[in-house]
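Engineer: One structure, as structure tokens, below. Some questions next.
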Amino acid sequence: MKTVQAYRFALDLTATQERDVYAHAGAARVARNWALARVKAVMDQRAAERTYGVPDELLTPTVSWTLPALRRAWNAAKPEVAPWWSEVSKEAFNTGLDALARGLKSWADSRSGKRAGRPVGFPRFASRRRTTPSVRFTTGAIRVEADRMHVVLPRLGRLKLHESARKLARRLEVGTARIMSATVRRDGGRWHVSFTVEVERTARTPVRPGTVVGVDVGIRHLAVLSTGELVDSPRHLVTAQRRMRTLGRALSRKIGPDRRAGRRASKRWERAAGRLGRAHARVANLRRDGLHKLTTRIAATVGTVVVEDLNVSGMLANRKLARHVADAGFAEIRRQLAY
């Protein structure tokens, strides 16, 4: 049985490598913003022409926002828009264009009713300071080195891992896995590389395949199983609340950025923001680890799992419960069990 799964590893980058990754992420942002400005200009022009009574057949021709069309337009314009384009991998530009194509398609499908769920807004321009640096590689040299402590990516070269990639390397060596793409992203103050891998797995049978278990999620108890087992809620966010308040107050006393006044943030503000971001990342990692262990144990033990369908979005509108509901991760429990 073939399945697609991700392997995520922390990176230990040198200063030069970090600058290179930032350059690739910046190139993705430049390509995305250029293509978005091009699409938006045509849409605004057509809207203005309609206000003057111009017939539809005489309006400015539309611009296709599929990925191949955006890539062709970018390749034609990049010598003027980005004369430094040869210094980074072509995958950097493809990352930004692909993100824009997906965003525009989601917006169009949401407006036409083809996409279910809450309405999707029109894509916005990516900011250098507010956008999470990320770049995705789908072609070129993507491999795990023999020492299992280094990976090789196009144009970035040999990057050191913070932890061993032995689990992925073993599958690659025996031929039961194939790397489809690699994404380098900065989360919680450090860089990570995520491999999307097609894995050949043997069909797994639960320990008790004929057992049916119901799962009731809650705030006091994260999960109540129909077998009578109670899983207490760890409440990671509540535990870390005091430290986060202290870090938040320290951040508020520093000189932060002000776009209206054109003021850049001070170095002390950036360091304080980094400490607060790492505190939030630690809470997210603890929550993710606990949910993965819980859902994996349930899925590996019983054959049929029944989970209640909660309106989590509606529960988050309750001021008194929103923080605890978000801390518990009700929707993530259901998503992981379905997965």
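Engineer: For n ≥ 4 DSSP H runs only, could you compute -39500 (n - 2.57) per run for the chain, divide by its residues and tell me the 222 nm figure to the nearest 500? All intermediate terms of the calculation are to be shown ahead of the outcome.
Structural biologist: On the way: 10 runs with 156 residues, N = 339.
That calculation yields -15000 deg cm²/dmol at 222 nm.
Engineer: Turning to a different aspect of this structure: Counting other beta carbons within 10 Å of each residue's own, what order do Ile255, Ile219 fall into, fewest first? Let's see the in-between values first.
Structural biologist: Numbers: Ile255 12, Ile219 15.
Ascending number of Cβ neighbours within 10 Å: Ile255, Ile219.
Engineer: Related question: Among Val184, Val144, Val212, which one shows the biggest mean-square fluctuation in a GNM of the chain, springs joining Cα atoms closer than 10 Å?
Structural biologist: Residue with maximal mean-square fluctuation among Val184, Val144, Val212: Val212.
Engineer: Let a ≥ b ≥ c be the square roots of the eigenvalues of the Cα gyration tensor of the chain; is it rounded (a/c under 1.5), or, if not, prolate (a/b larger than b/c) or oblate?
Structural biologist: rounded
Engineer: Same structure again: Have a look at Ala322, His221, Ala279 and report the one farthest towards the positive end of the charge dipole of the chain, computed about the Cα centre with Cβ charges (Lys/Arg +1, Asp/Glu -1).
Structural biologist: Ala279
Engineer: Region 203-250: which trypsin sites (Lys or Arg not before Pro) are DSSP loop and have at most 11 other beta-carbon atoms within 10 angstrom? List each step's numbers first, then the result.
Structural biologist: Values: sites: Arg204, Arg220, Arg235, Arg242, Arg243, Arg245, Arg249; in loops: Arg204, Arg220, Arg235.
Hits after loop and neighbour filter: Arg204, Arg220.
Engineer: Run the simple label-point estimate for Ala203 and Glu49 please: 7 Å along Cα→C-beta, distance reported in nm.
Structural biologist: Placing both labels 7 Å beyond Cα along the Cβ direction yields 5.8 nm.
Engineer: Packing-wise, with mean Cβ within 10 Å as the measure, how do 83-91, 58-66 rank, highest first? Don't skip to the end; give the middle numbers.
Structural biologist: Values: 83-91: 16.0, 58-66: 13.0.
So the peptides 83-91, 58-66, ranked by packing, come out 83-91, 58-66.
Engineer: Moving on. Using a 7 Å offset from the Cα along the Cα-to-Cβ direction at both Arg245 and Asp216, what is the distance between the two label points in nm, to one decimal?
Structural biologist: The answer from the label model is 3.3 nm.
Engineer: To continue, here is another question. Between Val306 and Glu270, what FRET efficiency follows from the Cβ-Cβ distance if R0 is 45 Å, with the result rounded to 0.05? Spell out each step's value before the answer.
Structural biologist: Working: r = 48 Å, r/R0 = 1.07.
So, using R0 = 45 Å, E works out to roughly 0.40.
Engineer: Note down the magnitude of the dipole of the chain about its Cα centre, charges +1 on Lys and Arg C-beta and -1 on Asp and Glu C-beta and zero elsewhere, to the nearest 20 debye. Write down the numbers at each step before the final one.
Structural biologist: Numbers: 67 positive and 29 negative charges, 297 e Å.
With only Lys, Arg, Asp and Glu charged at Cβ, the dipole is about 1420 debye.
Engineer: Turning to a different aspect of this structure: Can you list residues from other chains, or at least 5 along the same chain, whose modelled amide H is less than 5 Å from the amide H of Glu145?
Structural biologist: Counting only residues 5 or more places away or on other chains, the set is His150, Val151, Val152.
Engineer: Using alpha carbon centroids, what distance separates region 253-308 and region 9-40, in Å?
Structural biologist: Their Cα centres are 22 Å away from one another.
Engineer: Short version: ³J(HN,Hα) in whole Hz for each residue of region 124-129, in order, from phi by Karplus 6.51 cos²θ - 1.76 cosθ + 1.60 (θ = phi - 60°), x for Gly and Pro, what are they?
Structural biologist: Values, residue by residue: 10, 6, 7, 9, 5, 8 Hz.
Engineer: Please compute the length gained on full extension between Arg190 and Ile255, using 0.36 nm multiplied by the number of residues separating them and subtracting their Cα-Cα distance. Before the final figure, lay out the partial values.
Structural biologist: Values: separation 65, 0.36 × 65 = 23.40 nm, distance 2.35 nm.
My answer for the length gained is 21.0 nm.
Engineer: Peptides 108-118, 319-329: what's the order by average Cβ count within 10 Å, highest mean first? Spell out each step's value before the answer.
Structural biologist: Values: 108-118: 10.8, 319-329: 16.0.
The most tightly packed comes first, giving 319-329, 108-118.
Engineer: Residues in region 6-43, backbone N under 16 Å from the label point at Lys167 (7 Å along the Cα-to-beta-carbon vector): list them, ranges by number please.
Structural biologist: 6-11
Engineer: Post the alpha-carbon centroid distance, region 118-171 to region 86-117, in whole angstrom.
Structural biologist: First find each Cα centre; the distance between them is then 19 Å.
No lab work stands behind these numbers, since they all come straight from the coordinates. In this text, all values refer to a predicted model and were calculated from it rather than measured experimentally. Virtual Cβ from ideal backbone geometry, glycine too; neighbours counted across all protein chains shown.
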